[in-house]
Each structure stands twice: as C-alpha cells, then as structure tokens.
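Written out below as structure tokens is the structure these notes cover.
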C-alpha cells in the first residue's frame, strides 16, 4: 500500500491550525491517524489571554482546544481545582475532551484560583477562559 503524503501533510496542518492533539482520517480501507503532544508549556503559555470579565491583577487560563470541559478526572471524582486553592504552573486544572481524547489542561502560572469560569461537562471553544488565577 502506498501512503499519500499529501493527506498526512494536510492532517498535520489541521493539527497546528486547530491546536489539536490528534486527528484521524479514513477513506475506504485506508485509515490515517496523526497525533502530537500539546501539553508543552510553551504551547499552553501562548494561550494566556486577558478576558474583559476577569478582574484586574488576574489572569485567565484558556482552553487550548475545542471540546468538553471536565473539572474532575472521572464522574463524581474530586475536582482538579477549587476556588481559593493554590496552583502551581503545570498543575492540571481540568480536562478538555476532544474527539474522545482526554487533554489535560495545565495551569500556566503559580497563583490562587479566584474563579472557575466553566461548568463540568460544558462545551468550550479554543481560547475560552476556563479559570481565573491571581
């Protein structure tokens, strides 16, 4: 079987464009799956954005991908973070599920969680603020 490199290149471009961790393509009996790690601090730190709803002297940690936000590792489990809790840079604050892949979202800075801006099971967009840290 000859693999079409153009398809792989296009899938890699989609990974970058949509900041995905994995993408799969199937046509007939051919199936191609491309993945990468997006938990790099440099990738995540570039996603820190100020939100007009976030108070002065606070920063929001934003979603690196489109998906569904989960505040705990399993239904009914202990939440990753609570309001008032101190967090360290790199600590998992929640999971965003995209295409049946669980993507751990790390804190982009040390601080104290001042507000959780999404509900468990809520759909989130790329760049949407997830928590506020002061």
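Below are the figures for this structure:
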{"read-out": "Residues within region 91-129 that are part of a loop (DSSP other than H, G, I, E, B), touching a strand residue (DSSP E or B) at 6+ places or on another chain (Cβ under 7 Å) and more than 13 Å from residue 61 (Cβ to Cβ), tallied", "value": "4"}
{"read-out": "Identity of the residue in region 51-76, modelled with pLDDT under 65 and closer than 18 Å to residue 105 by Cβ, that ends up surrounded by the fewest Cβ atoms within 10 Å (Cβ to Cβ)", "value": "51"}
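The values are calculated or read from the model by the stated rules, or taken from the named source; none is laboratory data. Since this is a predicted model, take the numbers as computed values, not measurements. Cβ sites come from the backbone with ideal geometry, for glycine too, and all protein chains shown count toward neighbours.
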